[in-house]
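Colleague: Dropping a structure here in structure tokens format, bear with me for questions.
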Number of protein chains: 2
Amino acid sequence: MRWEDEAWRAKMRVRLDVNGVWDARIGGHGLPLARFEAEAGRWAEAHAGLEVRREAGGLAWTSLPDQTDTARELTEFGRYAASRFENVVVLGMGGAAAGATALHAALTHPYWNLLPPVSRVGPRLFVLDTGDPVAVSGLLDLVDPGRTLFQVVSKSGTTAETMAQFLVFRRALVNLLGERYREHIVVTTHPTEGVLRLLARQEGYLTFDMPAEVDERFGALSAAGLLPAAAGGVDLAELLAGARYADEVTRDADPWRNPALMAAALHWLAYQQGQTVAVLMPFVAALTGVADWFRHLWAASLGKRLDREGRVVHVGPTPVRALGATDLHSQAQLYLEGPADKLVHFLLVDEYGREAPIPELRTRVNLPDAAARAARDQVVADLGYLGGELMSHLLQAEARAAETALTEAGRPSLAHRLPQINAFTVGQLLYLLQMQTAYAAELFGVNAYDQPGVEAVKIATYALMNRPGYAARRAEIEGVEAGRRDEWTI
Amino acid sequence: MRWEDEAWRAKMRVRLDVNGVWDARIGGHGLPLARFEAEAGRWAEAHAGLEVRREAGGLAWTSLPDQTDTARELTEFGRYAASRFENVVVLGMGGAAAGATALHAALTHPYWNLLPPVSRVGPRLFVLDTGDPVAVSGLLDLVDPGRTLFQVVSKSGTTAETMAQFLVFRRALVNLLGERYREHIVVTTHPTEGVLRLLARQEGYLTFDMPAEVDERFGALSAAGLLPAAAGGVDLAELLAGARYADEVTRDADPWRNPALMAAALHWLAYQQGQTVAVLMPFVAALTGVADWFRHLWAASLGKRLDREGRVVHVGPTPVRALGATDLHSQAQLYLEGPADKLVHFLLVDEYGREAPIPELRTRVNLPDAAARAARDQVVADLGYLGGELMSHLLQAEARAAETALTEAGRPSLAHRLPQINAFTVGQLLYLLQMQTAYAAELFGVNAYDQPGVEAVKIATYALMNRPGYAARRAEIEGVEAGRRDEWTI
């Protein structure tokens, strides 16, 4: 295994570049280096706090990279799935789904589902993280359930859309296959509790557990994310090795030797000076899913009404997902010129792994007159700088341009730099961002693992769907809605 | 035409629901109704200002819906393209691309590109708004250029990624087809200026103009958005009729009778009280592209360093795209419990047009003992409320739950309510959001149509790509980069 080679690991290390943040370099709205140094005690405390929590078993997700047996089973199952099914459909919402999309998109072909089957090492993947009836029923227009594996992911087994989707597709399978329908369902849920576990036992579904102590949104490296990745031919052993490697480099108490602690500290410092929007901006299309996944992780883990002492704090940075260079043509206008309320966090890559050489323009028409020749010359002059270049160089030039423009505007940015996109670096990246979130929760003083706001919406939904036991809540909601006025809809 | 029927138009009107914003109803961080009323003069001024600008020809995009001849030509061309090509690939960035994605995704099948050709009324659509070499070269793995139409969209003709993509695919076409390659290229650019126009003349490409006075990002209803929509079978006449209808309802000086002015006023009021994040959250998967398009429009039009008088203001709300119910499982936590710095803007639909009925769960196994029966009973009790329901009702219940939760938390939200998703309502929606942006620019006192920040990044990119004439800028950038320190990359 190449990841067992120390030199290769070092070459593949994901680096955190903080050149763009310091007031000492960028001036203006840069983060104060002096305060960063003065707060050394705060960083040490966050580190110590997280270590204590980890010792006490409160960070069960940190042990997911060690589950190499599970990874082997899933790899084997992925091979089986690739040989038997045309499609894998993940039924899950939020944290249950975001990791699957992030991993698969990062490590497979950018148009995976559209490739002809001979060019794909595995089945098409659909992550159905929606309750939209058009999307759900539309899927049945192109997916034959008889050639499809459905992975149902819900730790609690109560997520309404997931269970509704499950009922829809289960019925389609039963109608088509009778008793053999169960061979098309695999369940990822709590090892012992919840209705989905009960159903799995009763109806005999294959299961790959979500460990009891792991919160769904920190579960990208559980079967929720690993099964679809395995079906896509991703090397799970290398992925988990990358995560373990990131675990090693994020144990140090010194932020200068712990990139997750450093990034968390910088985001916390930015927040203190009113930079409450955290932009995650990959310059790699394959990492768009990682940015979406992070947006989920960051918002749900840090956006809290109460701190750990029960004080009302209403805290939490707002994550925004942008994509370079696409969003340079829009969001950059705001990031550079609008309010100085943002910290931009780039994801950059040194080698894209595949090149698109830009040809020179050779015009093929005859040139009838001097005007046409002049026009041709202008065309060549205007486009000539692109000919003979590489698309990757253009994209990297744009990333440098964006970093420089932010720096000149005195607006802070930091960057994770990946040497390549492979399972080892993506494993590192996800783990680094998870650990950064955990440290940030220490700094903000909140519980990263609860989600009372989400639960409140779930309960209101149950009430409006007339689920037994929620009648009182329904009456309350109707009371709120009674305050609506017709003239306020125009 | 159904849209010529007054009753149908009235039934299909997109409504703005502002019940969720007022402090008088939601308390807490609601928008002050008294101040809204006291600021009547400000709204009138914004309205008058925009009318003056429009009279003077400064809102050329408002005439796009009147270009019914162009729409007819494009409809005809769309039919031709559908009969001749397997794929349409849009080469464009930012505003040139966002409208195409928004319109096509809103009005075609959710898995359009994956449908078998017999189930599609038009070619597959790829909007290549990226410079990522993996995505660009990956497209050639599945698209045969000989069966593909490339639409090159850049008003200036200088957008680096677009022109680079153009050079890549032009070469592929020339190699394959020789002189006939030009039949596979259609250009949307400035009617008279720029290198792309020159090239089109010189090499004989078919062109559909971007009108000279229309800014790209307000050009969704130009050929940039209409050509791909036409190829997807969208009814352009109905789409433009919807936009014209929205134009009628956004001319009134009274915000209570002008939903675009009202929405702009509310966003401005929210911004004044620190609610600087504008979340656009459709509860319709088909409108995800519209939310992305709006995010672009809003950021680039309002995020400005200078106001119209040249004063340094660094103003602009931060648009965030969220998707209901997907993001209820993550962002809702932050929106409900985090800082009260957001105004949530929902996009809701009354009829989804297609249903996914949720079947009841009938377990098919024999029940050997009391424990299994108890388990079965629990499963039925926990999932029973879903059986017999519709997926659309679940999604709508979630939207109501989210609205209520925000209201109870004293956090403002407003909603556009679409009776259905069709060309007429989507045409209205896009136009309403454009007009809202134009009014907001009046209120914030900025020029909606410039983008100096974006231009700065473009120039820096030229410099780094060694484009002739930018050497001095390159030296400056290298000077900035010289301030980097090795020890700041960890």
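Okay, residues lined up against (1) outside the structural domain of residue B:336 (by TED's automatic domain parsing); (2) modelled with pLDDT of 95 or more; (3) in contact with a Cys (Cβ under 6 Å, 6 or more places away or on another chain); (4) buried (at least 24 other Cβ atoms within 10 Å of the Cβ):
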position	(1), (2), (3), (4)
B:364	yes, no, no, no
B:372	yes, no, no, no
B:381	yes, no, no, no
B:393	no, yes, no, no
B:417	no, yes, no, no
B:428	no, yes, no, yes
B:451	yes, no, no, yes
B:469	yes, no, no, no
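Colleague: Is the stretch B:348-361 home to any residue that is surrounded by 24 or more Cβ atoms within 10 Å (Cβ to Cβ), out of contact with any Ser or Thr (no Cβ under 6 Å at 6 or more places or on another chain) and of a type in the set (Gly, Ala, Ser)?
Modeller: Checked the stretch B:348-361: no residue is surrounded by 24 or more Cβ atoms within 10 Å (Cβ to Cβ), out of contact with any Ser or Thr (no Cβ under 6 Å at 6 or more places or on another chain) and of a type in the set (Gly, Ala, Ser).
Colleague: Now for a separate question. Of the residues that make up the stretch B:209-217, is at least one in contact with a helix residue (DSSP H, G or I) (Cβ under 8 Å, 6 or more places away or on another chain) and closer than 22 Å to residue B:147 by Cα?
Modeller: no
Colleague: Enumerate the helices (runs of 4 or more DSSP H) found wholly within the stretch A:199-297, keeping only those where 2 or more residues are within 10 Å of another protein chain (Cβ to nearest Cβ) and under 20 Å from residue A:48 (Cα atoms).
Modeller: Filter on the stretch A:199-297 gives A:259-272.
Colleague: Looking at the stretch B:473-490, which of its residues are facing another protein chain (nearest Cβ under 7 Å) and either crowded, with 16+ Cβ neighbours inside 10 Å or hydrophobic (A, V, I, L, M, F, W, C) (or both)?
Modeller: Residues satisfying the conditions are B:477, B:480, B:488, B:490.
Colleague: Restricting to the stretch B:289-328, give me the number of residues that are in contact (Cβ under 8 Å) with a residue 60 or more places away in the chain and either under 24 Å from residue A:96 (Cβ atoms) or of a type in the set (Ser, Thr, Tyr) (or both).
Modeller: Qualifying residue count for the region: 5.
Colleague: Something else: Find the residue count for the stretch B:150-195, including only residues that are among the hydrophobic types (A, V, I, L, M, F, W, C), crowded, with 24+ Cβ neighbours inside 10 Å and more than 9 Å from chain A (Cβ to nearest Cβ).
Modeller: Here the count works out to 5.
Colleague: Here is a list of conditions, (1) more than 7 Å from every other protein chain (Cβ to nearest Cβ); (2) under 30 Å from residue A:446 (Cβ atoms), and residue A:320 meets all of them except one; can you say which number that is?
Modeller: Single failed check for residue A:320: (1).
Colleague: For residues that are within 13 Å of residue B:430 (Cα to Cα) and surrounded by 24 or more Cβ atoms within 10 Å (Cβ to Cβ), scanning just the stretch B:242-258, find the one that is nearest to the chain's Cα centre (by Cα).
Modeller: The qualifying residue nearest to the chain's Cα centre (by Cα) is B:243.
Colleague: Could you go through the stretch A:252-259 and let me know if any residue there is modelled with pLDDT of 95 or more, of a type in the set (Lys, Arg) and closer than 25 Å to residue B:340 by Cα.
Modeller: If we filter the stretch A:252-259 for residues that are modelled with pLDDT of 95 or more, which is where we start, we get A:252-259.
Applying the additional criterion that residues be of a type in the set (Lys, Arg) yields A:257.
Of the ones still in play, those that are also closer than 25 Å to residue B:340 by Cα are none.
There is no residue in the stretch A:252-259 that is modelled with pLDDT of 95 or more, of a type in the set (Lys, Arg) and closer than 25 Å to residue B:340 by Cα.
Colleague: Let me ask you something else. Quick one: how many residues across the stretch A:50-84 are within 18 Å of residue A:184 (Cα to Cα) and touching a Leu at 6+ places or on another chain (Cβ under 9 Å)?
Modeller: The number of residues fulfilling the criteria is 6.
Colleague: Oh, and also: Of all residues in the stretch A:402-426 being in contact with a Lys or Arg (Cβ under 8 Å, 6 or more places away or on another chain) and part of a helix (DSSP H, G or I), which is farthest from the other protein chains (Cβ to nearest Cβ)?
Modeller: So in the stretch A:402-426, the residues in contact with a Lys or Arg (Cβ under 8 Å, 6 or more places away or on another chain) come out as A:407, A:411, A:416-417, A:419, A:424.
Among the residues that remain, those that are also part of a helix (DSSP H, G or I) are: A:407, A:424.
Numbers: A:407: 6, A:424: 18 Å.
Among residues in the stretch A:402-426 that are in contact with a Lys or Arg (Cβ under 8 Å, 6 or more places away or on another chain) and part of a helix (DSSP H, G or I), the one farthest from the other protein chains (Cβ to nearest Cβ) is A:424.
Colleague: Ok, one more. Would you pick out the residues in the stretch B:301-333 that are of a type in the set (A, V, I, L, M, F, W, C) and closer than 22 Å to residue B:416 by Cα?
Modeller: Hits for the stretch B:301-333 are B:302, B:320, B:322, B:323, B:325, B:328, B:332.
Colleague: Any idea which residue in the stretch A:146-196 is nearest to residue A:70 (Cα to Cα), counting only those that are β-branched (Val, Ile, Thr) and more than 22 Å from the chain's Cα centre (by Cα)?
Modeller: From the stretch A:146-196, those β-branched (Val, Ile, Thr) are A:148, A:152-153, A:158-159, A:162, A:168, A:174, A:185-189, A:192, A:195; that's our starting set.
Applying the additional criterion that residues be more than 22 Å from the chain's Cα centre (by Cα) yields A:148, A:158, A:168, A:174, A:185-186, A:192, A:195.
Working: A:148: 23, A:158: 25, A:168: 29, A:174: 29, A:185: 18, A:186: 15, A:192: 17, A:195: 23 Å.
By that ranking, first place goes to A:186.
Colleague: What is the residue count in the stretch A:440-490 for residues that are free of Cβ contacts under 8 Å to residues at least 40 places away in the same chain, among the small types (Gly, Ala, Ser) and within 16 Å of residue B:329 (Cβ to Cβ)?
Modeller: 2
Colleague: Does residue A:174 satisfy the condition of being in contact with a strand residue (DSSP E or B) (Cβ under 7 Å, 6 or more places away or on another chain) and either under 27 Å from residue B:355 (Cα atoms) or in a helix (DSSP H, G or I) (or both)? Reasoning before the result, please.
Modeller: Working: in contact with a strand residue (DSSP E or B) (Cβ under 7 Å, 6 or more places away or on another chain): no; either under 27 Å from residue B:355 (Cα atoms) or in a helix (DSSP H, G or I) (or both): yes.
No: the conditions fail for residue A:174.
Colleague: Restricting attention to the stretch A:20-38, which residues are within 18 Å of residue B:488 (Cα to Cα) and over 30 Å from the mean Cα position of the chain (by Cα)?
Modeller: Once the filter is applied, which keeps residues that are within 18 Å of residue B:488 (Cα to Cα) and over 30 Å from the mean Cα position of the chain (by Cα), the stretch A:20-38 yields A:24, A:25, A:27, A:34, A:35, A:37, A:38.
Colleague: I'd like the residue in the stretch B:120-149 that is within 7 Å of chain A (Cβ to nearest Cβ) and among the polar types (S, T, N, Q) and, out of all such residues, is surrounded by the most Cβ atoms within 10 Å (Cβ to Cβ).
Modeller: It comes out as B:130.
Colleague: Let me ask something else. Could you list, in sequence order, all residues of the stretch B:139-187 that are farther than 18 Å from residue B:231 by Cα, touching a helix residue (DSSP H, G or I) at 6+ places or on another chain (Cβ under 6 Å) and aromatic (Phe, Trp, Tyr)?
Modeller: B:181
Colleague: Residue A:433: in a helix (DSSP H, G or I), more than 30 Å from residue A:45 (Cα to Cα) and either modelled with pLDDT of 95 or more or facing chain B (nearest Cβ under 8 Å) (or both), yes or no? Don't jump to the end; show me each part of the working.
Modeller: Values: in a helix (DSSP H, G or I): yes; more than 30 Å from residue A:45 (Cα to Cα): no; either modelled with pLDDT of 95 or more or facing chain B (nearest Cβ under 8 Å) (or both): yes.
No.
Colleague: Tell me, which residue of the stretch B:94-123 that is of a type in the set (Gly, Ala, Ser) and not in a helix (DSSP H, G or I) is nearest to residue B:420 (Cα to Cα)?
Modeller: Residue satisfying both the conditions and the ranking: B:122.
Colleague: With the structure loaded, tell me whether residue B:340 is over 25 Å from the mean Cα position of the chain (by Cα), within 7 Å of chain A (Cβ to nearest Cβ) and either buried (at least 24 other Cβ atoms within 10 Å of the Cβ) or of a type in the set (A, V, I, L, M) (or both) or whether it fails that test.
Modeller: Taking the combined requirement at face value, the residue satisfies it.
Colleague: Let me ask you something else. Return the residues of the stretch B:445-472 that are more than 10 Å from chain A (Cβ to nearest Cβ) and at negative phi; say none if nothing qualifies. Walk me through it before giving the result.
Modeller: Filtering the stretch B:445-472 for residues more than 10 Å from chain A (Cβ to nearest Cβ) gives B:445, B:447-449, B:471-472.
Selection gives B:447, B:448, B:449, B:471, B:472.
Colleague: Say whether the condition of being assigned to a helix (DSSP H, G or I), over 17 Å from residue B:467 (Cβ atoms), within 10 Å of chain B (Cβ to nearest Cβ) and of a type in the set (Asp, Glu) is met by at least one residue in the stretch A:370-385.
Modeller: no
Colleague: Confirm whether residue B:348 is of a type outside the set (Asp, Glu), facing chain A (nearest Cβ under 7 Å), more than 30 Å from residue A:311 (Cα to Cα) and outside any helix (DSSP H, G or I).
Modeller: no
Colleague: Which is closer than 23 Å to residue B:278 by Cα and not aromatic (Phe, Trp, Tyr), of B:2, B:72, B:35?
Modeller: Exactly one residue qualifies, and that residue is B:35.
Colleague: Okay, moving on. Hey, does the stretch A:270-280 have a residue that's without any contact (Cβ under 8 Å) to a residue 12 or more places away in the chain, under 29 Å from residue A:29 (Cβ atoms) and surrounded by fewer than 24 Cβ atoms within 10 Å (Cβ to Cβ)? Give the derivation first.
Modeller: Filtering the stretch A:270-280 for residues without any contact (Cβ under 8 Å) to a residue 12 or more places away in the chain gives A:272.
Narrowing further to those that are under 29 Å from residue A:29 (Cβ atoms): A:272.
Of the ones still in play, those that are also surrounded by fewer than 24 Cβ atoms within 10 Å (Cβ to Cβ) are A:272.
Checking the stretch A:270-280: at least one residue is without any contact (Cβ under 8 Å) to a residue 12 or more places away in the chain, under 29 Å from residue A:29 (Cβ atoms) and surrounded by fewer than 24 Cβ atoms within 10 Å (Cβ to Cβ).
The values are calculated or read from the model by the stated rules, or taken from the named source; none is laboratory data. Here the structure is a predicted model, which means the values were calculated and not measured. Backbone-built Cβ (ideal geometry, glycine too); neighbour counts: all protein chains shown.
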